[in-house]
1. Residues Leu450, Leu480: which one is in contact (Cβ under 8 Å) with a residue 40 or more places away in the chain, over 28 Å from Pro332 (Cα atoms) and not in a loop (DSSP other than H, G, I, E, B)?
2. Go through the range 367-395 and count every residue that is touching a Phe, Trp or Tyr at 6+ places or on another chain (Cβ under 7 Å) and in contact (Cβ under 8 Å) with a residue 60 or more places away in the chain.
3. Name every residue in the range 71-83 that is in contact with a strand residue (DSSP E or B) (Cβ under 9 Å, 6 or more places away or on another chain), at pLDDT 85 or above and not charged (D, E, K, R), in order of residue number.
4. Among (1) in contact with a Phe, Trp or Tyr (Cβ under 9 Å, 6 or more places away or on another chain); (2) buried (at least 18 other Cβ atoms within 10 Å of the Cβ); (3) not assigned by TED's automatic domain parsing to the domain that holds Ala497, where does Tyr322 come up short?
5. Regarding Leu350, is this residue hydrophobic (A, V, I, L, M, F, W, C), under 42 Å from the mean Cα position of the chain (by Cα), part of a helix (DSSP H, G or I) and more than 23 Å from Asn463 (Cβ to Cβ)?
6. Looking only at the range 71-92, count every residue that is of a type in the set (S, T, N, Q) and out of contact with any Ser or Thr (no Cβ under 9 Å at 6 or more places or on another chain) and tell me the total.
7. Out of all the residues in the range 393-410, is one or more closer than 12 Å to Glu257 by Cα and outside any loop (DSSP other than H, G, I, E, B)?
8. Of all residues in the range 321-342, which are aliphatic (A, V, I, L, M) and either touching a Leu at 6+ places or on another chain (Cβ under 6 Å) or not in a strand (DSSP E or B) (or both)?
Amino acid sequence: MNGKLKEKINFWFCSRKRKFFKNMRYIIYARKSTEDENHQVLSIESQLSELREFAVKEKLEIVASLCEAKTAKEPGRTKFAEMLKQIEIGKADGILSWHPDRLARNAVDGGKIIHLIDKGIIKSLKFPTFWFEPTPQGLFMLQIAFGQSKYYVDSLRENVSRGMRQKVRNGVWPLWAPLGYLNNPITRGINVNEKKSTLLKKMFRVYSSGNHTLKEMSEWCKKAGLKSNLGNDISPGQIQTTLQNIFYIGLMKYKGEVFEGKHKSLISKKLFDKVQEVLKQRGKPQKIKHNFAFLGFMKCPCSAAITAEKKIKPSGRKYVYYRCTKKKGPCPEKHFLREEDLIKQIKTYLQKVSLSSQDTKRVLAELEKDELKAKEETKILVQNLKKEIAEIETKLEKLLDVYLTEVISTEEYTSRKQKILTQKLELQERIKDFEQKGLSWLEPAREFVLKLNYAEKLLNSENYPEIKTFLKNIGSNHILQNQRLIFSFNFPFNLAAEPRSGEAESLTYPKVWTWGDLNPQPSRCHLAALPLRYRPEKRIFAINSNSSCILVKPALTTQTPL
């Protein structure tokens with residue numbers, strides 16, 4: 001009799017249970033972890049198929065299906081919040097999902113689901129791969145499942161972070177490649193994007209002239225066809241970030257610490273430093289209302305700026321005059337200087353440092369002959385630089401040992417390491433210069449000779465912005481005094497423009513042939529001394545009275561690097 005009663009009770013309970021779940025309304029929730037359409041393509045589709053088959057098999061009523069492509073490690077999923085809202089207002093009674101980890105991988109969302117179950121708002125949870133009943137035992141198992149899901153995410157994050165840190169220590173960039181580079185999916189390294197890297201180098205060179213704003217460089221990138229790695233136009237802010245990125249000189253900054261990279265550097269440390277100086281000097285340049293050719297080029301002896309203004313004569317002819325702004329108080333300068341007269345004086349200065357194309361070819365030919373010999377003479381210097389690099393490597397190891405023993409703080413370690421790596425990079429660039437170009441002064445020498453020839457070309461040009469830039473680069477302290485332009489030539493252009501025997505002796509240059517007073521006009525390039533940083537052998541060229549270019553080669557002398 002007791003056995004028959006027990007069977008009746010079980011039958012009644014199971015029938016009530018089936019009736020209870022039969023009237024339940026469920027929302028299907030499917031989720032994948034990435035928003036990228038190219039990753040986990042079949043994840044959502046396979047979940048929906050399995051869940052619908054499960055719903056048919058269990059005879060569950062489905063009122064909605066919500067799909068989401070977002071990670072569950074952080075709160076804030078839109079579709080998840082929408083699903084809970086529909087349950088709270090009574091449009092559904094339960095959730096059908098593949099596994100509890102599809103619902104939550106963080107404590108906030110997991111706790112919210114358990115709280116709604118405790119209040120009776122969520123009446124049922126169904127999973128094809130997980131058992132759940134709204135009982136104390138079921139809630140306990142659900143909490144364990146949510147905890148395991150969170151543990152998996154935390155463990156994965158730590159493992160990925162550890163792998164990325166090790167990758168950086170090995171000299172490989174672990175994130176998306178910056179502009180001018182490409183991520184190699186096979187080697188997991190960084191390759192140079194040949195097309196964009198060429199334009200990027202040019203962008204650095206153009207900005208280093210100091211004549212362009214960040215906005216103008218953004219427009220330059222549009223015209224040149226240089227776009228971001230995602231194919232978008234490059235904004236002025238991105239231009240500044242790119243110009244300040246040490247990745248392009250072979251270093252990597254990851255989470256505040258600088259590492260030495262194995263990727264190919266695109267620009268030299270010298271060009272990078274020049275760009276940083278331009279960024280520092282320009283700041284936020286003032287807008288120029290009028291496009292006068294030589295505005296911002298000169299100053300008055302009273303230290304005020306020289307401005308320009310346009311005057312129209314009764315005849316209708318237009319003239320541009322340059323004068324002091326008098327913003328520093330009373331100024332003794334009462335004169336105006338017409339632009340035509342200023343241009344004549346400027347071309348007089350250009351003529352002093354100009355070198356004809358014929359003489360330029362002769363000097364360059366002599367420099368090419370010396371290059372092979374110079375490469376042999378630099379082997380000793382290269383060996384010394386390599387010894388210095390080895391000493392720096394030892395310093396880095398000692399610094400790391402000191403840091404690991406907690407003698408110095410993380411901030412101090414990072415600062416010292418960056419300084420040492422910068423020194424190492426400079427030494428490596430010196431070695432590269434010596435090995436590729438012989439002596440490092442050969443390339444500046446060629447550049448100097450070409451600049452002298454460029455001055456010759458500007459003499460017959462009306463490209464006044466280029467003339468202004470050229471004069472800024474070869475001189476300093478441009479003053480307009482008594483209707484005369486006065487400025488000092490920078491080295492070595494001062495030797496080319498105004499040679500003096502005392503100056504030559506102080507620089508240990510030998511006596512050379514120069515033009516005499518055969519021509520009352522300013523003569524071309526009396527003397528040109530090459531800017532030598534490392535110069536175990538002196539080189540100098542001059543033009544004699546027969547207008548022939550002579551390369552003077554004195555005896556070999558030893559000199560320590562400056």
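The values are calculated or read from the model by the stated rules, or taken from the named source; none is laboratory data. A quick note: this is a predicted structure, and the numbers were derived from the prediction, not measured. Every residue, glycine among them, receives a Cβ derived from its backbone with ideal geometry; neighbour counts consider all protein chains shown.
1. Leu450
2. Filtering the range 367-395 down to residues touching a Phe, Trp or Tyr at 6+ places or on another chain (Cβ under 7 Å) leaves 378, 381-382.
Now narrow it down to the ones that are in contact (Cβ under 8 Å) with a residue 60 or more places away in the chain: 378, 381.
Summing the residues that are touching a Phe, Trp or Tyr at 6+ places or on another chain (Cβ under 7 Å) and in contact (Cβ under 8 Å) with a residue 60 or more places away in the chain in the range 367-395 gives 2.
3. Thr78, Phe80, Met83
4. So Tyr322 meets the others, but not (3).
5. No.
6. 2
7. Keep residues of the range 393-410 that are closer than 12 Å to Glu257 by Cα, which gives 410.
Right, trim to outside any loop (DSSP other than H, G, I, E, B) and you get 410.
Yes - at least one qualifying residue is present in the range 393-410.
8. Leu342
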